[in-house]
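Read the structure below first, then the notes.
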Amino acid sequence: MKMHPAQAYSMIHQRDVATAFELALSGALDGLILNVADDAPTTICEMASLVGFTLDPSNEPLKNPWWGRVDASRIRSLGFTPKILTVHQAAREGIL
């Protein structure tokens, strides 16, 4: 896919998407556009490792290290807290 192995993306578990939907259905998010994400962006290399693949490292710099990351602080200030804090937690709990 020609993606840099160190590129990181904000992630969210489907259980936490459901929690965000419940909060939205309560009316607490009416009229707002918000990002929803867990606590730790995950790199392409980490994602590959979690599903049993190994990627070759790269010494090339990231062109835009912030691309793929979102700020979820606004939804957190409105009461959202993810239960699955990272992709690694989901893997440990067998809920990927």
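Largest GNM mean-square fluctuation across V17, V36, V51, computed for the chain with C-alpha springs under 10 Å, falls on V51.
Backbone geometry of segment 61-75 corresponds, through the Karplus equation with coefficients 6.51, -1.76 and 1.60 at θ = phi - 60°, to 3J(HN,Hα) couplings of x, 5, 5, 9, x, 8, 5, x, 10, 10, 9, 9, 5, 5, 5 Hz, x marking Gly and Pro.
Treating each Cα of segment 1-56 as one equal point scatterer and applying the Debye formula with no solvent, the log10 of I(q)/I(0) at q = 0.16 Å⁻¹ comes out as -0.62. Based on DSSP H segments of at least four residues, each scored -39500 (n - 2.57), the chain has a per-residue ellipticity at 222 nm of -8000 deg cm²/dmol. Axis angle, to the nearest 10 degrees, between helix 14-25 and the longest C-alpha principal axis of the chain: 30 degrees. For the chain, the pair-distance distribution built from all alpha carbon pairs, in bins 10 Å wide starting at 0, is 15, 41, 30, 13, 2 percent. Quick one: which residues, 5+ away or cross-chain, put their amide H under 5 Å from the amide H of T43? H built at 1.01 Å from N. Residues meeting the amide H criterion: Y9.
Taking the chain as a Gaussian network of alpha-carbon nodes connected by springs under 10 Å, the highest mean-square fluctuation of the residues T42, T86, T19 belongs to T19.
Rule-based calculations on the coordinates, nothing more; no lab input. All figures in this text were calculated on a predicted structure; none of them were measured in a lab.
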